[in-house]
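Colleague: Okay, here's the structure, questions in a sec.
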Amino acid sequence: MAPRVLISDKLSAAAVQIFKDRGVEVDFQPDLGKDKEKLAEIIGNYDGLAIRSATKVTPKILEKATRLKVIGRAGIGVDNVDIPAATAKGVIVMNTPFGNSITTAEHAIAMMFALARQIPQADASTQAGKWEKNRFMGVELTAKTLGIIGCGNIGSIVAERGVGLKMKVIAYDPFLSAERALDLGVEKVELDDLLARADVITLHTPLTEKTKNVLSAENIAKAKKGVRIINCARGGLVDEVALRAALDSGHVAGAAFDVFSEEPAEANPLFGHPNVVCTPHLGAATSEAQENVALQVAEQMSDYLLSGAISNAVNFPSITAEEAPKLKPFVELAEKLGSFAGQLTETDIKTVRITYEGAVADLKVKALTSAAVAGLLRPALADINVVSAPSVAKERGIVVEETTRAATGDFDSLITLTVVTDTYERSVSGTVFADGHPRIVSIKGIKVDAEFAPSMLYVTNEDKPGFIGRFASLLGDAGINIATFALGRDRQGGDAIALIEVDGAMPAEVLTEVQSLPHVKQARPLRF
Ligand SMILES: NC(=O)C1=CN([C@@H]2O[C@H](COP(=O)(O)OP(=O)(O)OC[C@H]3O[C@@H](n4cnc5c(N)ncnc54)[C@H](O)[C@@H]3O)[C@@H](O)[C@H]2O)C=CC1
Ligand SMILES: O=C(O)CCC(=O)C(=O)O
């Protein structure tokens, strides 16, 4: 069945065509995002949801999204999606981190000129027939200091444009490297230095606990008198009430805002001030940017839904279309090794150690680790998946350790999963053979060779004569057919294990009889 995607915001129609061309069914309902009830009603019918910023993906919506596998944001900020809730539900959230950066940087530059020359105010006055030539005295930008808070994708483009305008560009960004700053022709400074020196401040960070109110009343007071402030990033980065007061006092000469702490902004402390220029979150609103992000999000979502390739996910490592088929059998192996260990573990797991040896160590092991953890915890938590597994493990205080190394034994690739509880440590290893099927090759250090099958029995016993015969007759008498039988032991007369594939389920009474056979230590049914 073809996957189904809902587009619930105003995306460029280019996205619809991409989905159709890729064989994904698509419903384009550009105004639906604003209708929470309707969205909640129908979201259960879709595998993918493509949005811009009007659709709010809340825990309530996610609760109803029983089929949803991926949310694609045609844009950068994913603050309209509850990422922890989506992750807990196993839904990939992807954005398009570059498609609208140039356009948004251009908007910030346009805002800077609008402020410097009061273009919107002069336009309104001129069109009102006033011809107020003396009222609109501007400032020249050449040689002025542009202070950029947040010098990532967009901030860097603004920096380059600022350098091109012959401004002195300084940037505050704790994650900006000295080399990158040098490349951009930017001076990296601390926030207080930026505040003291900048003639124009422009913000380009996401809204986080750390950046919220980065321009607080206190920091605005530290800024140079006559500073102009631009926010084309996110509402909430600037204390709007404090900024209004600073505009009223003349400490701040002008402010240009595209984003507001509450959107849609129908009322705002900044509205009505003569030196304020506002736009309704238009930073990304050019036909070029909208086409870019729509095409990109539709491609990314189709890739994921059709082949498992993941790009630009904010809650999962990327997997290219080339990597996805190589990774697939190892994802299955990791998940099954996890499941094997999970079905045999009854006490609290403290640590899971996953070692990747040989060729598999060069693949995206983060994805494999997530698969292993999902398999391990699934016996306890039915609806866990590879996306939600790491956060669920963290929530439960399970330490997940991952090691990669060169091949040391008989196999090109080997994955070993070790579960550590308060009372024991148990390892299981597996590989993928040339036929693409995952196999168990060692349990607790004892060599075996078994494929995973829907219904299996795991028996540990003392390595003494008579077990196999009695066991086979018991199952035969109960009418249970043995499909495959794999044996291993640590030494002659020592500990032995058997992995038996049976046709159909193992009735509880037969299991009890197996458990009471001489020399049997434990017998556990397994399902894969
Ligand atoms: N107005 C609009 O329509 C649009 C707004 N945006 C918004 O613009 C913002 C920036 O986007 P990008 O440049 O693509 O993001 P980015 O992730 O490439 O850059 C953000 C930068 O902020 C820096 N940063 C993080 N915490 C910081 C802190 N405490 N202090 C200083 N710097 C900090 C990071 O190191 C990074 O370099 C985002 O909030 C995004 O949502 C993006 C597109 C359109
Ligand atoms: O989709 C839009 O118009 C908003 C873009 C935006 O804010 C973003 O990409 O972060």
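Colleague: Give just the number: which of (1) closer than 30 Å to Ser370 by Cβ; (2) not in a loop (DSSP other than H, G, I, E, B) does Phe316 not satisfy?
Modeller: (2)
Colleague: How many of the residues making up the range 333-363 are under 21 Å from the mean Cα position of the chain (by Cα) and surrounded by fewer than 22 Cβ atoms within 10 Å (Cβ to Cβ)?
Modeller: Qualifying residue count, the range 333-363: 1.
Colleague: When the residues of the range 251-274 are narrowed to those that are assigned to a loop (DSSP other than H, G, I, E, B) and in contact with a Lys or Arg (Cβ under 8 Å, 6 or more places away or on another chain), which ends up nearest to ligand 1 (Cβ to nearest atom)? Spell out how you get there, then give the answer.
Modeller: Keep residues of the range 251-274 that are assigned to a loop (DSSP other than H, G, I, E, B), which gives 251, 258-274.
Remaining after also requiring in contact with a Lys or Arg (Cβ under 8 Å, 6 or more places away or on another chain): 251, 259, 269-270, 273.
Values: His251: 22, Val259: 5, Pro269: 19, Leu270: 15, His273: 20 Å.
Applying the filter and picking the extreme gives Val259.
Colleague: Can you name the residue in the range 275-311 that is in contact with a Gly (Cβ under 9 Å, 6 or more places away or on another chain) and part of a loop (DSSP other than H, G, I, E, B) and is also nearest to Gly436 (Cα to Cα) among such residues?
Modeller: Ala284
Colleague: Pick from the range 92-104 the residues that are of a type outside the set (Ser, Thr, Tyr) and at pLDDT 95 or above: which of them is farthest from ligand 1 (Cβ to nearest atom)?
Modeller: Looking at the filtered set, the residue picked out is Ile92.
Colleague: Report, by residue number, each residue of the range 233-244 that is closer than 22 Å to Ala116 by Cβ, in contact with a strand residue (DSSP E or B) (Cβ under 7 Å, 6 or more places away or on another chain) and outside any strand (DSSP E or B).
Modeller: Step one: filter the range 233-244 for residues closer than 22 Å to Ala116 by Cβ, giving 233, 237-238, 240, 243-244.
Restricting the remaining residues to those that are in contact with a strand residue (DSSP E or B) (Cβ under 7 Å, 6 or more places away or on another chain) gives 233, 237-238, 243.
Correct list: Ala233, Leu237, Leu243.
Colleague: Using beta carbons and a limit of 7 Å, which pairs, at least six apart or on different chains, have the first residue in the range 266-294 and free of Cβ contacts under 8 Å to residues at least 40 places away in the same chain and the second one among the basic types (Lys, Arg) and part of a helix (DSSP H, G or I)?
Modeller: Within 7 Å, the pairs are Pro269/Arg244; Leu270/Arg244; His273/Arg244.
Colleague: Being within 16 Å of ligand 2 (Cβ to nearest atom), under 22 Å from Leu176 (Cβ atoms), in a loop (DSSP other than H, G, I, E, B) and of a type in the set (A, V, I, L, M), is that true of even one residue in the range 210-220?
Modeller: Within the range 210-220 (the criterion being within 16 Å of ligand 2 (Cβ to nearest atom), under 22 Å from Leu176 (Cβ atoms), in a loop (DSSP other than H, G, I, E, B) and of a type in the set (A, V, I, L, M)), the answer is no, since none of the residues qualifies.
Colleague: Among the residues of the range 150-164, which ones are hydrophobic (A, V, I, L, M, F, W, C) and surrounded by 16 or more Cβ atoms within 10 Å (Cβ to Cβ)?
Modeller: Of everything in the range 150-164, those that are hydrophobic (A, V, I, L, M, F, W, C) and surrounded by 16 or more Cβ atoms within 10 Å (Cβ to Cβ) turn out to be Cys151, Ile154, Ile157, Val158, Ala159.
Colleague: Being over 25 Å from Ala74 (Cα atoms) and either within 8 Å of ligand 1 (Cβ to nearest atom) or out of contact with any Leu (no Cβ under 9 Å at 6 or more places or on another chain) (or both): is that true of Glu209 here?
Modeller: So Glu209 fails the test.
Colleague: Follow-up. Show the residue pairs meeting these rules: Cβ distance below 6 Å; 6+ apart or different chains; first residue within the range 449-478 and farther than 15 Å from Val514 by Cα; second residue surrounded by fewer than 14 Cβ atoms within 10 Å (Cβ to Cβ) and of a type in the set (A, V, I, L, M).
Modeller: Cβ pairs passing all conditions: Ser455/Ala505.
Colleague: I'm trying to understand the selection: among the residues of the range 238-264, which are buried (at least 21 other Cβ atoms within 10 Å of the Cβ) and touching a helix residue (DSSP H, G or I) at 6+ places or on another chain (Cβ under 9 Å)?
Modeller: Result: Val238, Asp239, Leu243, Ala246, Val252, Gly254, Ala255, Ala256, Phe257, Asp258, Phe260.
Colleague: Assess whether Gly155 counts as being within 14 Å of ligand 1 (Cβ to nearest atom), closer than 30 Å to Val373 by Cα and either part of a helix (DSSP H, G or I) or not acidic (Asp, Glu) (or both).
Modeller: In short, no.
Colleague: Farther than 24 Å from His281 by Cα, basic (Lys, Arg) and within 34 Å of the chain's Cα centre (by Cα): does that describe Lys188?
Modeller: yes
Colleague: Then there's this: Mind listing whichever residues of the range 174-210 are at pLDDT below 95 and either within 20 Å of Ala255 (Cβ to Cβ) or out of contact with any strand residue (DSSP E or B) (no Cβ under 7 Å at 6 or more places or on another chain) (or both)? Give the derivation first.
Modeller: Pass one, the range 174-210, residues at pLDDT below 95: 174-180, 206-210.
Across the range 174-210, the qualifying residues are Pro174, Phe175, Ser177, Glu179, Arg180, Pro206, Leu207, Thr208, Glu209, Lys210.
Colleague: Restricted to the range 500-528, and to residues that are farther than 16 Å from Ala483 by Cβ and assigned to a strand (DSSP E or B), which residue is farthest from the chain's Cα centre (by Cα)?
Modeller: Checking each candidate, the answer is Val520.
Colleague: Sticking with this structure for a sec: List the pairs whose first member sits in the range 1-27 and is at positive phi, whose second member is surrounded by fewer than 24 Cβ atoms within 10 Å (Cβ to Cβ) and of a type outside the set (Lys, Arg), and whose Cβ atoms are under 6 Å apart, counting only residues at least 6 apart or on separate chains?
Modeller: Close Cβ pairs satisfying both conditions: Gly23/Ala2.
Colleague: Further question on the same structure: Is there a residue being away from ligand 1 (no atom under 16 Å from the Cβ), in contact (Cβ under 8 Å) with a residue 40 or more places away in the chain and either under 28 Å from Ala289 (Cβ atoms) or of a type in the set (Gly, Ala, Ser) (or both) anywhere in the range 122-137?
Modeller: So far as the range 122-137 goes, no, none of its residues is away from ligand 1 (no atom under 16 Å from the Cβ), in contact (Cβ under 8 Å) with a residue 40 or more places away in the chain and either under 28 Å from Ala289 (Cβ atoms) or of a type in the set (Gly, Ala, Ser) (or both).
The values are calculated or read from the model by the stated rules, or taken from the named source; none is laboratory data. None of these values were measured; they are calculated from a predicted model. Glycine gets a Cβ as well: all are built from the backbone with ideal geometry, and neighbour counts include every protein chain shown.
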